[in-house]
1. If you check every pair at least six apart or on different chains, which have Cβ atoms under 8 Å apart with a residue in the stretch 58-73 that is surrounded by 11 or more Cβ atoms within 10 Å (Cβ to Cβ) first and a residue that is β-branched (Val, Ile, Thr) and in a helix (DSSP H, G or I) second?
2. Any residue that is over 18 Å from PHE156 (Cβ atoms), surrounded by fewer than 16 Cβ atoms within 10 Å (Cβ to Cβ) and out of contact with any Pro (no Cβ under 9 Å at 6 or more places or on another chain) - is there at least one of those in the stretch 82-100?
3. Return the residues of the stretch 82-127 that are under 30 Å from ILE178 (Cβ atoms) and not in a helix (DSSP H, G or I); say none if nothing qualifies.
4. Going through the stretch 114-164 one residue at a time, which ones are of a type in the set (Gly, Ala, Ser) and touching a residue at least 60 places away in the same chain (Cβ under 8 Å)?
5. For the list (1) surrounded by fewer than 18 Cβ atoms within 10 Å (Cβ to Cβ); (2) at pLDDT 75 or above, I need the number of the one condition that LYS78 fails.
6. Considering (1) closer than 27 Å to LEU159 by Cβ; (2) crowded, with 20+ Cβ neighbours inside 10 Å, say which one TRP116 fails and leave the rest.
7. Hey, PHE130 hits all of (1) in contact with a Pro (Cβ under 9 Å, 6 or more places away or on another chain); (2) assigned to a loop (DSSP other than H, G, I, E, B) but one; which does it fall short on?
8. How about the stretch 34-75: which of its residues are outside any helix (DSSP H, G or I) and modelled with pLDDT under 90?
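The values are calculated or read from the model by the stated rules, or taken from the named source; none is laboratory data. The shown structure was predicted, so the numbers you read here are calculated from the model rather than taken from an experiment. As a convention, Cβ positions derive from the backbone with ideal geometry for all residues, glycine included, and neighbour counts pool all protein chains shown.
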Amino acid sequence: MTQVGHSIVGAAFGVVCLPQNVPTKHTAIQVVAFVLLSNIPDLPFKNWSHEEYHVSHSIFVNLLLIVTAIFILAYLRKVRTRIGGWPVMLSGTIAWLSHLLLDSFYNHGKGIAIFWPFSDARLALPIPLFSSVTSLPPPITPEMMRIFLIEFVCYFPFLLLAILMRKTEVIRRTTRIIVKVATTWSG
C-alpha cells in the first residue's frame, strides 16, 4: 500500500478522536501526528520499512514500540493531558496498527510476517482491486497514479465518515463515555 491510503485512514482516526473545542493549529498538528502514526511501519529507517519488512510489519515489534511510547506519555502527565489523554492514545494505537491490516489487503503475493519473530507465517487478505507500487518515485508513472487514485477513492469515504461523525451528537456522547471510562481507569 502507498502512503495515500495509510495517511487517509490515519487522518480519519485523528479526526474522530480530536478533543472538542481545540484551536485549529492543535487540530492540524494532531491530524498530522495521526498520519505519521499510521505510516510508522513504512518510515525509511535503517533495518526498518520494506528493507526489513518482516520486522517493521510484525505485530509484536509494533506493540513493543507502542507500549514503550505509551509508558513514556503516561509518565509525562502534562504531555498526555495536552494531547487529549487516554482516548487519543488509544486511537493513535489503532491508527498505527491499522497499517498492518491495510497492508495485508494488497495482492503483492508476500503477505505480511505479522507474527515474526515467533513464526514465519504470513497474513494475506488480498483484495484484487489493490495492487502494490513496484517502483518508488521518481518518476511517477501512470500505474502509480492509478494505484494512488484507487486508494484515494476507496479510503477517502472513511475520512468523510469521520468528519460527519464528528459533527453529530452520537460521537460526542461516545467520546464523553470513553473519556469517563479512561479517566476512571487511569486514576
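1. Here the result reads VAL61/VAL55; ASN62/ILE40; LEU65/ILE40; ILE66/THR93; ILE70/THR93; LEU73/VAL79; LEU73/ILE83, each pair linking the stretch 58-73 to a residue that is β-branched (Val, Ile, Thr) and in a helix (DSSP H, G or I).
2. yes
3. Within the stretch 82-127, GLY84, GLY85, PHE105, ILE112, ILE114, PHE115, LEU123, LEU125 meet the criteria.
4. If the condition is that a residue be of a type in the set (Gly, Ala, Ser) and touching a residue at least 60 places away in the same chain (Cβ under 8 Å), then SER132, ALA162 are the ones that fit.
5. (2)
6. (1)
7. (1)
8. PRO44, PHE45, LYS46, ASN47, TRP48
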